[in-house]
């Protein structure tokens, strides 16, 4: 530790003892604490040792453990983090890193060799033994020279604490941590790229990926961060399970939910084909109990298989607006009613399309059906609007099937009311999900957080394999930190992401055989994070027209380079087996199928050579069926010190709640950009945000976890008009938005964001 000049400690010398890690008692020495604090603030502006000492001095006591001394120092610095004194986040981060290294390795410097860390953790069963089979000691030594341990000190307090709580490998019963951040990043890279055959090239690829991860250019999802390098090999963030209208499918799907929840995946469920309550079974011998009892079963399975300490088990169920039980489904999550008619620990996505919105605007009726009586209607739903409307009107006139007419506005008002009250009644515009899809196969559903749109087929049996039609869809995720990457760097960054995520597909374990269809589609979903910072540093807000052009340029470069990287990988390793089931195989790109309403927002023209890229696709194919999806990044934004995904921040300083306590996070570069950020609840309306999302959707081949924000203080009565909620949803549809996730409301009661709330904000499919 370096020495500093004369300093006066504010911690009094008293006759206290400290209990060391080995059990020895040692006299309390305030000079040591003083030295540590001066080391922690070295080179950091706007912080003082005295402020921390004043806060921590009263907390020391006789026979305090050295462990608790470190914790008090860390928390003391963390408590100083405010909008006006944001740099204490780096002081607290330094102190926490000092503490972490002491806990893991017994010292704050003199890091062990990479080989020693690997062998120790392989012997302990923490790391996958295959690592030592794939790499020689000599290779590991060369990779050790790549590691930059000083980057551990680039983490702010919230980011490093989140790593310790959620991502660094540990014994979650004892709290023992087995690694520090740079070892984690290196082991992830080594594991993902192990199958590269040329060792020299492999080391180069590992170095590039490591640098992108450790400098926060790339953000990884929870399953990869806390799973890759371990014997557990399920790294897909999102699982989409299609439930058929029969008991075997229902019960086997429930088993699949258990397997995937236990392996860190967030669950999307489709119940759209299940017949409605009181429908005939066995020619009327019995009648159907409806979907609600089955939802309760799936809810219980999800919760009992949760991965405590990593992420909470969570699921979202999808239903068409015309389902026989839709009126009861809409209220399942609210706090009224009894336990018998509520399923509150599950989220719901209602699927709409052109016909519904038209009838809403015209104040017309909609008709409800039981899906099993109109199977061809369900097949056309979303996939062929014209055919759907023809069949829908035909069945409305039928006298032989059960049906019920209700006002479209009555249903939609109820939906909007539940969306605002619960925050978690989602929208899936199923026709947009198909028209602007990369697939020729039908997309029926989405995932937990509404950004994944992949084809599925009902699961018949838990052992269904390649010789059956059953298909569980999976997607592996990542995100580009647009605040840390320049446009001219995107080519290399995209190549690193595509290669690494494609390796995940090959390397990971598939708990249910029907999910191995992923090996045929090879779908990945890369999003962006830190958009609010990107806009702020470019001097535009979410509502500025210039923002749309700026984002359009950014997304053009991202999607172009993602496709280019997949084509390049296809040249090297071959196209995905089901490439012919994509629109890409026909030369149809996202820039060909997007909603043309976006053209009113963007004045710039495409700048990159899309026609050459189109020819390359037709000639060489693509390694992946999908490439992009924009997921929530609430958890990982802490690690990369970025704003959450594409979202405006709720405040310049936000407080996020984890199981370990409160984590204050300050927006990037607050000193210079304090007045440039758009805050979520200060937006005039949602239109500016929606326009940004629409421009992004233009290029994205899957969907966006897009949100809405409402501040009750803006309304004289203090009540949010449901007409505004409906208007926002209709405008989103008009602009081609595929899905809507949360309806966020500011009621003035709390500004704490709960990271353990069981949904993507808690890391389920967030990255």
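Suppose the filter is out of contact with any helix residue (DSSP H, G or I) (no Cβ under 7 Å at 6 or more places or on another chain), surrounded by fewer than 16 Cβ atoms within 10 Å (Cβ to Cβ) and under 30 Å from residue 522 (Cα atoms); does residue 606 pass it? It is false that residue 606 is out of contact with any helix residue (DSSP H, G or I) (no Cβ under 7 Å at 6 or more places or on another chain), surrounded by fewer than 16 Cβ atoms within 10 Å (Cβ to Cβ) and under 30 Å from residue 522 (Cα atoms). Looking only at residues of segment 172-211 that are in a loop (DSSP other than H, G, I, E, B) and touching a helix residue (DSSP H, G or I) at 6+ places or on another chain (Cβ under 7 Å), we find that the one that is farthest from residue 494 (Cα to Cα) is 178.
Annotation note: of 483, 465, the sole residue that is surrounded by fewer than 17 Cβ atoms within 10 Å (Cβ to Cβ) and either part of a loop (DSSP other than H, G, I, E, B) or in contact with a helix residue (DSSP H, G or I) (Cβ under 8 Å, 6 or more places away or on another chain) (or both) is 465.
For the subset of segment 111-127 comprising residues that are in contact (Cβ under 8 Å) with a residue 60 or more places away in the chain and in contact with a helix residue (DSSP H, G or I) (Cβ under 7 Å, 6 or more places away or on another chain), which member is surrounded by the fewest Cβ atoms within 10 Å (Cβ to Cβ)? So, considering only residues that are in contact (Cβ under 8 Å) with a residue 60 or more places away in the chain and in contact with a helix residue (DSSP H, G or I) (Cβ under 7 Å, 6 or more places away or on another chain), the one surrounded by the fewest Cβ atoms within 10 Å (Cβ to Cβ) is 111.
Among residues of segment 80-103 being in contact with a helix residue (DSSP H, G or I) (Cβ under 6 Å, 6 or more places away or on another chain) and free of Cβ contacts under 8 Å to residues at least 40 places away in the same chain, the one that is nearest to residue 165 (Cα to Cα) is 99. Among the residues of segment 521-536, some residue qualifies, meaning at least one is in contact with a helix residue (DSSP H, G or I) (Cβ under 7 Å, 6 or more places away or on another chain) and farther than 29 Å from residue 192 by Cβ. Is it true that some residue in segment 47-67 is assigned to a helix (DSSP H, G or I) and closer than 18 Å to residue 639 by Cα? Among the residues of segment 47-67, not one is assigned to a helix (DSSP H, G or I) and closer than 18 Å to residue 639 by Cα, which makes the answer no. Just one of the listed residues (571, 596) is farther than 30 Å from residue 532 by Cα, over 25 Å from the mean Cα position of the chain (by Cα) and in the same structural domain as residue 503 (by TED's automatic domain parsing), and it is 571. For segment 280-299, how many residues meet the condition of being assigned to a loop (DSSP other than H, G, I, E, B) and crowded, with 21+ Cβ neighbours inside 10 Å? Qualifying residue count, segment 280-299: 1. With respect to the conditions (1) more than 30 Å from residue 166 (Cα to Cα); (2) surrounded by 24 or more Cβ atoms within 10 Å (Cβ to Cβ), residue 645 falls short on a single one, namely (1). Taking the criterion of being part of a helix (DSSP H, G or I) and surrounded by 24 or more Cβ atoms within 10 Å (Cβ to Cβ), would at least one residue in segment 507-516 satisfy it? Yes, segment 507-516 contains at least one residue that is part of a helix (DSSP H, G or I) and surrounded by 24 or more Cβ atoms within 10 Å (Cβ to Cβ).
Among the residues of segment 465-479, how many are over 18 Å from residue 628 (Cα atoms) and touching a residue at least 60 places away in the same chain (Cβ under 8 Å)? Matching residues across segment 465-479 total 2.
When every residue of segment 95-103 is checked against the conditions, at least one turns out to be modelled with pLDDT of 95 or more and in contact with a strand residue (DSSP E or B) (Cβ under 8 Å, 6 or more places away or on another chain).
Exactly one residue out of 153, 157, 235, 167 is touching a helix residue (DSSP H, G or I) at 6+ places or on another chain (Cβ under 9 Å), surrounded by fewer than 19 Cβ atoms within 10 Å (Cβ to Cβ) and not assigned by TED's automatic domain parsing to the domain that holds residue 654: that is 153.
Within segment 181-227, the only residue that satisfies the criterion of being under 17 Å from the mean Cα position of the chain (by Cα), farther than 18 Å from residue 565 by Cβ and modelled with pLDDT of 95 or more is 216. Note on segment 71-103: residues that are surrounded by fewer than 20 Cβ atoms within 10 Å (Cβ to Cβ) and under 30 Å from residue 145 (Cα atoms) amount to 3. If we scan segment 652-671, do we find a residue that is farther than 30 Å from residue 239 by Cβ, in a helix (DSSP H, G or I) and in contact (Cβ under 8 Å) with a residue 60 or more places away in the chain? Yes - at least one qualifying residue is present in segment 652-671. Being without any contact (Cβ under 8 Å) to a residue 60 or more places away in the chain and not assigned by TED's automatic domain parsing to the domain that holds residue 642 holds for only one residue in 188, 224, 206, and it is 188. The condition (being buried (at least 20 other Cβ atoms within 10 Å of the Cβ) and out of contact with any strand residue (DSSP E or B) (no Cβ under 9 Å at 6 or more places or on another chain)) is satisfied by just one residue among 343, 374: 374.
The values are calculated or read from the model by the stated rules, or taken from the named source; none is laboratory data. Since the model is a prediction, treat every value here as computed from it, not as a measurement. We place every Cβ from the backbone using ideal geometry, glycine too, and count neighbours over all the protein chains shown.
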